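Below is one structure, written out as structure tokens; the observations come after it.
The values are calculated or read from the model by the stated rules, or taken from the named source; none is laboratory data. For clarity, every value in this text was computed on a predicted model and none was experimentally measured. Glycine gets a Cβ as well: all are built from the backbone with ideal geometry, and neighbour counts include every protein chain shown.
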């Protein structure tokens, strides 16, 4: 290429660059202006490259949209630094105001280092600390040696903090505490918005409110203004004698409602019950609980705990169910008087289960459409096609009341279409049928039964060696059945049948009737519906 052409191109590029540089506006945002009002201005030359400007009395400076006020200051333009002393005030574009006794400001980086009696506010909250780094470009204030933020009645403290004044967000780190008349919070890290008054949790956090309810969580938020919160990562909430654990828990203290979902667990240490479900709602004011999505209730005891499943479970205070006004309530065992004063004892609760109810304990199992249980009288009320099994015995009827004592099955009452079936072997069944039936249990096994009202029975007669000698088919107004221990001394079997009045019957030889012919009206054997173990409750 021609050398003259090369020189021409180089000259042209230099000319263009120079013209472009000349056309660029000067950066005035880094320039510090001295505003009128200072009582004294002095220039002090240190050397050929350093000259100081010293201002005293009612000093006002400006850089971009940031204003600086102080009693006195020293400006070093060569090092792009000025120092301010006494009643220092930074007004940063009216979005934040900072105060201190001393300021060192880097004019080129627009970073302020403030010391002694430092205060920073975004108009909502006030931060106080001894040392603060504040960036007027990013509107970020940083403290690393302890700080305190006051927002209305809330006081937050931590060793480190990052205050985004334009966003009104504060990120607290290390030994974070939040104190408020309504609650106390402690965490390692916390994000708090001074405008919305919402605290967000990003690490393990402990909360205790004015009712002594405690919350341990790893993530979530707490809206302190609207009294709403949501917690994730399986938080634990303890409210009096109640503990709640779930994948996610949300509550609204203004309404008293809380919601737990995802393997939710509610433990009541007073009632010794546990509720497990996919989703649980709780009214914290009335202490009522609604559980669905495969709910399970466990009535805990040292041995033979009771497991209950259904489509829906509901538990509440018994005194709320019957109202506050003086009334007389009759249950299956006695008359109970309720008054205006709600009972606070541990028996003031009940629970209900609806649809596809299944109950399992080692001694007794049951299925029905719905159940009502009162901790006052310890009675399971089973409705609509209920079935109760005890060992080889099956009880059915329109309604069954299963009484417990010390949380163990004690006796039962069956109303209308009562039928007791005991499997002897293969297709042989002892059967008792009546309008009403009352039974008693010992160690989970039926000890005796009284059948009354059109009572009928079919039972197989056996010798001591368990061989069959015949079949008794009889009817009476009242039939009493007694069960005794078998030859092993472990299981109970039919031992004696007593007919009280108006007896009619016949003794059939074993070969005279087939097992299918020896069935009472409405006979049914429902072993396929029986939960064999607690793990089969949802099968």
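Descriptive notes on the structure:
- Test: residue in the stretch 255-266 that is surrounded by fewer than 19 Cβ atoms within 10 Å (Cβ to Cβ) and touching a residue at least 60 places away in the same chain (Cβ under 8 Å): no
- Just one of the listed residues (132, 103, 127) is in contact with a strand residue (DSSP E or B) (Cβ under 8 Å, 6 or more places away or on another chain), touching a residue at least 40 places away in the same chain (Cβ under 8 Å) and assigned to a strand (DSSP E or B), namely 127.
- Among the residues making up the stretch 207-257, those that are in a loop (DSSP other than H, G, I, E, B) and more than 15 Å from residue 285 (Cβ to Cβ) are 212, 218, 224, 225, 226, 233, 234, 235, 241, 246, 247.
- Scanning the stretch 53-83 for residues that are surrounded by fewer than 16 Cβ atoms within 10 Å (Cβ to Cβ) and in a loop (DSSP other than H, G, I, E, B) yields a total of 5.
- Looking only at the stretch 306-348, and only at residues there that are touching a helix residue (DSSP H, G or I) at 6+ places or on another chain (Cβ under 6 Å) and at pLDDT 55 or above, the one that is farthest from residue 267 (Cα to Cα): 348
- Cβ pairs under 6 Å, 6+ apart, first in the stretch 294-305 and more than 15 Å from residue 271 (Cβ to Cβ), second surrounded by fewer than 19 Cβ atoms within 10 Å (Cβ to Cβ): 294/278; 304/362; 304/363
- Meets criteria (without any contact (Cβ under 8 Å) to a residue 40 or more places away in the chain and surrounded by fewer than 19 Cβ atoms within 10 Å (Cβ to Cβ)) for residue 216: yes
- Residues being part of a loop (DSSP other than H, G, I, E, B) and in contact with a strand residue (DSSP E or B) (Cβ under 9 Å, 6 or more places away or on another chain) - total across the stretch 258-305: 16
- Residue 362 part of a loop (DSSP other than H, G, I, E, B), under 32 Å from the mean Cα position of the chain (by Cα), touching a residue at least 12 places away in the same chain (Cβ under 8 Å) and closer than 23 Å to residue 533 by Cβ: yes
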